[in-house]
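The values are calculated or read from the model by the stated rules, or taken from the named source; none is laboratory data. What you see is a predicted model, and the numbers here were worked out from it, not measured in a lab. Note: ideal-geometry Cβ built from the backbone for every residue, glycine included; neighbour counts use all protein chains shown.
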Amino acid sequence: MSAPPGPVPAGTIRIYSMRFCPFAQRARLVLNAKGIKHEIVSVHLRDKPDWFLEKNPLGLVPTLETSAGEVIYESPITCEYLDEVYPGKKLLPPTHFEKAQQKMLLEQFSKIAGYFYKNPMGKKNSEDVSELEAELKENLMKLDRVGFKKTKFFGGDSLTMIDYLMWPWFERLEVFDQNQCLDSTPGLKKWTERMLEDPAVKVSGHSVDTYKAFYTTYLEGKPNFDYGL
């Protein structure tokens, strides 16, 4: 999209996104979970238009823009903003301690997330990724032990913010043929099954075939950001 979009309509929030970006998907999950009226503007991340860089000099998605011209970015911050500003079901936990617990879990997960892409990149380059796969499995087992205290979701028996913040990477496990990494993590395996039943998850992602087609172009160095449109 080369021409800059017009003002954000009153009563709406705009998200600048990329359809296959897991970070942008976080914000889309929250938008859909809370039923927030929004419009999506897709950004070509290899050819970012000047007008977008004026709104967000870092050129990152997701970026939110309000009808007042306020701009918010960084995925956890956009999600927190949406939950605090808009009515409806609250996704953030009510107590400071519970919020701290979720932030600690997210910090632990952030150290794992890179493995989800290192492994397929290594395979594409005909590298031995057995050590990377072992490290991913070990880290997922730690997350499984820490994250579930006999609960259905990371934050308890109902779905909360932390689940949405981590979900996009787990959604891609099957895409990269890494489902076996969950074989030793019964909590995570059941969690992924429950997440797939969530209405916001169903409308915020893509089919495995669509993801695979996009990531094929991505791994070839020519990502088709508009695939499937």
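Which residues, taken from the stretch 112-163, are polar (S, T, N, Q), in contact with a Lys or Arg (Cβ under 8 Å, 6 or more places away or on another chain) and farther than 16 Å from ASN179 by Cα? If you could, list the steps in order and put the result at the bottom.
Here is the first cut: in the stretch 112-163, the residues polar (S, T, N, Q) are 119, 125-126, 130, 139, 151, 158, 160.
Applying the additional criterion that residues be in contact with a Lys or Arg (Cβ under 8 Å, 6 or more places away or on another chain) yields 139, 158.
Result: SER158, single match.
Those residues that are small (Gly, Ala, Ser), surrounded by fewer than 18 Cβ atoms within 10 Å (Cβ to Cβ) and under 17 Å from LEU106 (Cβ atoms), I need them from the stretch 135-192; list them, please. Outline the logic, then answer.
Just the residues of the stretch 135-192 that are small (Gly, Ala, Ser), to begin with: 147, 155-156, 158, 184, 187.
Restricting the remaining residues to those that are surrounded by fewer than 18 Cβ atoms within 10 Å (Cβ to Cβ) gives 156, 158, 184.
Answer for the stretch 135-192, where residues must be small (Gly, Ala, Ser), surrounded by fewer than 18 Cβ atoms within 10 Å (Cβ to Cβ) and under 17 Å from LEU106 (Cβ atoms): just GLY156.
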Exercise. Hey, among LEU229, LEU219, which residue is aliphatic (A, V, I, L, M), in contact with a Pro (Cβ under 9 Å, 6 or more places away or on another chain) and farther than 23 Å from LEU106 by Cβ?
Worked result: LEU219
Exercise. Does VAL61 qualify as being crowded, with 19+ Cβ neighbours inside 10 Å and touching a residue at least 60 places away in the same chain (Cβ under 8 Å)?
Worked result: no
For this session: Considering only the stretch 4-31, state which residues are in contact with a Ser or Thr (Cβ under 7 Å, 6 or more places away or on another chain), closer than 24 Å to GLY228 by Cα and part of a loop (DSSP other than H, G, I, E, B).
Result: MET18, ARG19
For this session: For GLN102, indicate whether it is assigned to a helix (DSSP H, G or I), assigned by the TED database to the domain that holds LYS190 and touching a residue at least 60 places away in the same chain (Cβ under 8 Å).
Result: yes
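Restricting the search to the stretch 193-227, which residues are touching a helix residue (DSSP H, G or I) at 6+ places or on another chain (Cβ under 6 Å), surrounded by 18 or more Cβ atoms within 10 Å (Cβ to Cβ) and more than 26 Å from LYS123 (Cβ to Cβ)? Talk me through it step by step, then tell me what you get.
Narrowing the stretch 193-227 to residues touching a helix residue (DSSP H, G or I) at 6+ places or on another chain (Cβ under 6 Å): 195, 200-201, 203-205, 219, 223-224, 227.
Those left that are additionally surrounded by 18 or more Cβ atoms within 10 Å (Cβ to Cβ): 195, 200-201, 204-205, 223.
Of everything in the stretch 193-227, those that are touching a helix residue (DSSP H, G or I) at 6+ places or on another chain (Cβ under 6 Å), surrounded by 18 or more Cβ atoms within 10 Å (Cβ to Cβ) and more than 26 Å from LYS123 (Cβ to Cβ) turn out to be ALA200, VAL201, SER204.
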Seminar exercise, completed: Checking LEU82, LEU45, LEU64 in turn, the sole residue that is assigned to a loop (DSSP other than H, G, I, E, B) and either under 30 Å from GLY156 (Cβ atoms) or outside the structural domain of LEU105 (by the TED database) (or both) turns out to be LEU45
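The rows are residues; the columns are (1) closer than 22 Å to LEU29 by Cα; (2) assigned to a loop (DSSP other than H, G, I, E, B).
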site	(1), (2)
VAL175	yes, yes
GLN180	no, no
SER184	no, yes
LYS189	yes, no
GLU193	yes, no
GLU197	yes, yes
LYS202	yes, no
HIS206	yes, yes
ASP209	yes, no
